[in-house]
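Notes for the one structure printed next.
The values are calculated or read from the model by the stated rules, or taken from the named source; none is laboratory data. All of these numbers come straight from a predicted model, not from anything done at the bench. In this analysis, Cβ positions are derived from the backbone assuming ideal geometry, glycine residues included, and neighbour counts consider all displayed protein chains. Only protein heavy atoms, including side chains, enter the accessible area calculation; ligands, DNA and RNA are left aside. Shrake-Rupley method; radii C 1.70, N 1.55, O 1.52, S 1.80 Å.
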Amino acid sequence: MSRVNIDFLHENEVEIVSRDLKSAGVNRSKEYLELCIREYKEGMRVVFVAKTDSNTAVGISHLLLTSMYPGFREENIPEINDLLVVPNQRGKGIGAKLLDAQEEYAKDQGFLSIGLSVGLYGDYGPAQRLYAENGYIPDGRGVVYDYQMAAPGEMVRLDDELNLCLIKSLR
């Protein structure tokens, strides 16, 4: 495998990154990435891209500086969001490199902790393991559905919106 570098998503590479991801089986449209750039300019998010030495995008992740999850927002904890690695590059440490870059950035910005949420069904198993191996622990508030706390006895759908929120200290 060639070396992988982590960099910020730049406005002039939105179309190329979208095309690279799509050709590897991951759909992140040019329009979606343009929205991310707008939100970056507004100070809402930072987008990290994993690229090979040949400058091909093989992963992407977002750091939401203000989380939609009330538990993170109230504690001023930025949220790692939509971390993904293209299927043919998974298991090679790229996800961990994306995590490291976001943690370092958040620490440099003065944040004391960082958070993320992870799905609960089997497709999220590799992500659950990655986060545990990298020191993320449950925030202790239980599961959320679409960023809202699931109440005891409440029926919720097991889909991409049912998550467990995890945190990591950056101290």
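Descriptive notes on the structure:
- Calculated FRET value between residue 108 and residue 34, using beta carbons and R₀ = 22 Å, to 0.05: 0.25
- The lysines whose alpha-carbon is closer than 29 Å to the alpha-carbon of residue 30, local same-chain residues fewer than 8 away aside, are 22, 41, 51, 92, 97.
- Modelled label reach - residue 54, point 7 Å along Cα→Cβ, region 10-27 residues with backbone N closer than 16 Å: 17, 19-25
- Solvent-accessible area of the chain (1.4 angstrom probe, protein heavy atoms only): carbon and sulfur portion equals 49 percent.
- Radius 11 Å from Cβ of residue 52, net charge of other residues (Lys, Arg +1; Asp, Glu -1): +1
- Estimated inter-spin distance, residue 11 and residue 159, nm [label 7 Å along Cα→Cβ]: 3.6
- Taking a sphere under 9 Å around the Cβ of residue 121 and counting the other residues whose Cβ falls inside, with K and R at +1 and D and E at -1, yields a net charge of -3.
- Anisotropy class of region 68-171 from Cα gyration tensor, a/c 1.5 cut: oblate
- A simple spin-label model places the labels of residue 96 and residue 24 1.8 nm from each other, with each point 7 Å out along Cα-to-Cβ.
- Electrostatic tally near residue 73: other residues with Cβ closer than 13 Å to its Cβ, Lys and Arg +1, Asp and Glu -1, net -3.
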